[in-house]
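The values are calculated or read from the model by the stated rules, or taken from the named source; none is laboratory data. These figures come from a predicted structure and were not determined experimentally. Virtual Cβ from ideal backbone geometry, glycine too; neighbours counted across all protein chains shown. Please note that ligands, DNA and RNA were not included when accessible areas were found on the heavy atoms of the full protein model with its side chains. Shrake-Rupley method; radii C 1.70, N 1.55, O 1.52, S 1.80 Å.
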Number of protein chains: 2
Amino acid sequence: MPYDPSAFPPFAVTVDLVVLTVRRQALCALVVRRGEPPHRGRWALPGGFVREREDLAAAAARELGEETGLRSREPGTEQPGVHLEQLATYGEPDRDPRMRVVSVAHLVLAPDLPAPVAGGDAGSARWAPVADLLPTGPPPGPDASEGAGRPGAVGDPGVPRGPLAFDHDRILADGVERARSKLEYSSLATAFCPPEFTVGELRRVYEVVWGVALDPRNFHRKVTGTPGFLVPSGGTTTRQGGRPAQLFRAGGATLLNPPMLRPEA
Amino acid sequence: MPYDPSAFPPFAVTVDLVVLTVRRQALCALVVRRGEPPHRGRWALPGGFVREREDLAAAAARELGEETGLRSREPGTEQPGVHLEQLATYGEPDRDPRMRVVSVAHLVLAPDLPAPVAGGDAGSARWAPVADLLPTGPPPGPDASEGAGRPGAVGDPGVPRGPLAFDHDRILADGVERARSKLEYSSLATAFCPPEFTVGELRRVYEVVWGVALDPRNFHRKVTGTPGFLVPSGGTTTRQGGRPAQLFRAGGATLLNPPMLRPEA
DNA sequence: TGAATAGTGTCTTTGAGACATTATAAG
DNA sequence: CTTATAATGTCTCAAAGACACTATTCA
């Protein structure tokens, strides 16, 4: 009997956020420290209840603003900024031991922020390398030498480590995989970059997110040859050392054709 | 304040199904006729409430069985059959005028069924060409000559036409687009085929779903050359007329590498 | 016989990958 | 000077697209 409004089981609906950025040559996710049981002391993805008359995407954008001060770019608007999209929904009956909670996870891609976590009512929000949070994180980059495993979780409030609370390990893994595959066939890598960036900085985004090394020359030829991907902004910069690099902005294209395929293992 | 279980707005959670198949050279979706207001007399996607202690995927599989008698293939199992995956979640505050309903839509790909809609407590379930349901349906195939628009909706109980009830037009459009893009980089086209099929039948699936004509010779070379996509089953058939065609089963591969890219317009 | 579909082969073009070379900065 | 990064060019190979040709059935 579809849509009988008289008798239905009540659910709580939340949004959880997988907020990813690239900082210090590592793919990082935003996590908050839980101060209440269950999973007290564990790290978790930011999130919260959807309000009475609030759209799902609006709830995700609101939570994002509360945790980071970021304003999201709704899909459709053109100005550069933070990217927000729905990821997936998680609703196993016992994923929260207290009650039936269905969580609509969203994926956020953001550039490295000058102020890591500004304001926010969750005071303990931190950026943490995905490799430290997930048992099977991204393969370490060319010069990365990450720690071995992920021993404790509840002890040290300083360095966020997995496993995360609830089913957030799986949500984070799904978000990371979504981000990795979206770099292949969309221009979303620019969401990790500041408004103006060089080809080398864009390449480092791909290398960090995919965990591989890319040929700088082929990469340059590929991205500058894809129409609508990059627009020269006129200036140059030397902030990376070496010969001054041309600065670009994100172009209007959203889909990459042909795609940028990940090298296989 | 994330996860405060004491005060939260209550939601109803449903699953809606986009069930797609290929019949009579057209991409078709399963729709049910609404017998109750709101949208009485309009066609809608099958769906229903998630039960008290039921997983989302289990609810989708249950609804699918109730509407079609089909058993779904959970992601992970290997035997051929119906494919089911989560599509997206729709939760605008006023998408259902009666109450706050969050719907977790699922996508089902099924082979053409001998009994179009067997059993089912929704007696009015029907297959309808997607082109008749959506204002911007798939481009008509090589020899298709579909009707022009979609005039009425409530009048004729025989031929399902859009617009669908609630926001199901958008859900269906999202499901169709997901199916189209999944044919590119996965082997899911075989989910539209019977257990044994020919290369020509598989090609017709691609042509109908994408709404384009494909070169039979290049298609043959491509799919038989992709390792793990097709496994010869030994037999041949002449059910299409002409020279007998080799029969295949779906191979173990799920991801197509390199992908089968859609021809551009 | 002709019409229809299946299957193989050939040629061309496009694009990815490997790698050489030059350009321009900092120390 | 050396070193680091940027940018362009060249060669090779893999794969897609266009299309000729043969094979096998049915009417």
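Figures for the structure shown
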{"read-out": "Candidate set: region A:194-214, residues that are assigned to a loop (DSSP other than H, G, I, E, B) and in contact (Cβ under 8 Å) with a residue 60 or more places away in the chain; chosen: the one surrounded by the most Cβ atoms within 10 Å (Cβ to Cβ)", "value": "A:G211"}
{"read-out": "Region A:100-122, residues that are modelled with pLDDT under 95 and within 12 Å of chain B (Cβ to nearest Cβ)", "value": "A:G120, A:D121, A:A122"}
{"read-out": "Residue count for region A:54-69, restricted to those that are more than 10 Å from chain B (Cβ to nearest Cβ) and in a helix (DSSP H, G or I)", "value": "6"}
{"read-out": "Criterion violated by A:E264 - all others in (1) buried (at least 20 other Cβ atoms within 10 Å of the Cβ); (2) within 16 Å of DNA strand D (Cβ to nearest atom) satisfied", "value": "(1)"}
{"read-out": "Every pair of residues 6+ apart whose Cβ atoms lie under 6 Å, when the first sits in region A:215-232 and is touching a residue at least 24 places away in the same chain (Cβ under 8 Å) while the second is more than 10 Å from DNA strand C (Cβ to nearest atom) and aromatic (F, W, Y)", "value": "A:V223/A:F229; A:L230/A:F248"}
{"read-out": "Only listed residue being within 11 Å of chain A (Cβ to nearest Cβ), open to solvent by 30 Å² or more (accessible area, probe 1.4 Å) and at pLDDT 90 or above, chosen from B:R51, B:R42, B:R24", "value": "B:R51"}
{"read-out": "Residue check for A:P163: away from DNA strand D (no atom under 11 Å from the Cβ) and under 30 Å from A:V102 (Cα atoms)", "value": "yes"}
{"read-out": "Meets criteria (more than 30 Å from B:S181 (Cβ to Cβ), away from chain B (no Cβ under 14 Å), surrounded by fewer than 15 Cβ atoms within 10 Å (Cβ to Cβ) and within 9 Å of DNA strand D (Cβ to nearest atom)) for A:R217", "value": "yes"}
{"read-out": "Qualifying residue in region A:177-186 (condition: open to solvent by 60 Å² or more (accessible area, probe 1.4 Å) and among the acidic types (D, E))", "value": "yes"}
{"read-out": "Test: B:L188 is touching a residue at least 12 places away in the same chain (Cβ under 8 Å), within 13 Å of DNA strand C (Cβ to nearest atom) and not polar (S, T, N, Q)", "value": "no"}
{"read-out": "Hits in region B:1-21 - residues which are facing chain A (nearest Cβ under 8 Å) and modelled with pLDDT of 95 or more", "value": "B:F11, B:A12, B:V13, B:T14"}
{"read-out": "Residues of region A:221-253 that turn out to be more than 17 Å from A:E196 (Cβ to Cβ) and touching a Leu at 6+ places or on another chain (Cβ under 8 Å), as a count", "value": "1"}
{"read-out": "Test result for B:A245, farther than 28 Å from A:L255 by Cβ, away from DNA strand C (no atom under 15 Å from the Cβ) and not acidic (D, E)", "value": "no"}
{"read-out": "Unique residue being away from DNA strand D (no atom under 12 Å from the Cβ), within 14 Å of chain B (Cβ to nearest Cβ) and either open to solvent by 30 Å² or more (accessible area, probe 1.4 Å) or part of a helix (DSSP H, G or I) (or both) when the list is A:P227, A:P258", "value": "A:P227"}
{"read-out": "Top-ranked residue in region B:230-255 [being assigned to a loop (DSSP other than H, G, I, E, B) and within 13 Å of DNA strand D (Cβ to nearest atom); ranked as most open to solvent (accessible area, probe 1.4 Å)]", "value": "B:R243"}
